[in-house]
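Below is one structure, written out as structure tokens; the observations come after it.
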């Protein structure tokens, strides 16, 4: 059985006390932490004596950051069995992250009180996507790459670029954007100004608490990329050189033709 309406205020002072909330996804000292990936299911338990007649027990679930008790809906299911009650959170989102507690009462007597549980729902930043984009008009870049993460949570991350396995520290511009449902997304640009060899591999690498190993996306410079990646001054010089050679050949041809006449 569960409380409904505004009756929760009658019990509020007797079952609740302040706790610090950490919304960054880090562990709060003295509080049990449960982690889950977005889209999965999570179960919380509220124990009470096993020999207690559970048909007379009322169980109340609440969040530290909420001013109302949790109510049964399509994603929150409540069950009471002998020895304990359970809250099933289905298809969790990052908005389900928070600190939860339960209290079990037999009439006016508290018969069970769960510890504070900090739920952290992670969203992974993969898959990464890396593509070549046209350089800015005012830029001298010979190649411009964009790396974009999938929406993720918590917001802390670390993104690095590498060329053939060696980290790049210049020519990088990275920005983080807040998305809906508490998620975050990162877009990073790499501009290369030096001449590029065909077959060069550029890697975008992301570190995040939701994954045990860094996520990677690779981009290999192909023939077409290499030709388009030539610096503008080299293209200009090559074009001028070809025109000079053609002009000289025309002069020589005209001169030979005049001598034969």
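List of remarks:
- FRET efficiency, residue 40 to residue 218 (Cβ-Cβ, R0 25 Å, nearest 0.05): 0.30
- Theoretical gain in end-to-end length, residue 79 to residue 33 [0.36 nm per residue, Cα-Cα removed]: 14.4 nm
- Taking every Cα-Cα distance in region 22-159 and sorting them into 10 Å bins from zero, the calculated P(r) comes out as 11, 31, 25, 13, 9, 6, 3, 1 percent.
- Residue 65 versus residue 174: modelled label distance in nm, points set 7 Å from Cα along the beta carbon direction: 2.5 nm
- Rg/Rg_globular for region 129-230, with Rg_globular taken as 2.2 N^0.38 Å and Rg from C-alpha atoms: 1.12
- For region 97-136: rounded, prolate or oblate by the Cα gyration tensor [a/c cutoff 1.5]: prolate
Readers should treat all values here as calculations from the given coordinates under stated rules, not as data from a laboratory. Note that the structure is a prediction, hence the values are computed from the model and not measured. Here Cβ is always computed from backbone atoms with ideal geometry, including for glycine, and neighbour counts include all displayed protein chains.
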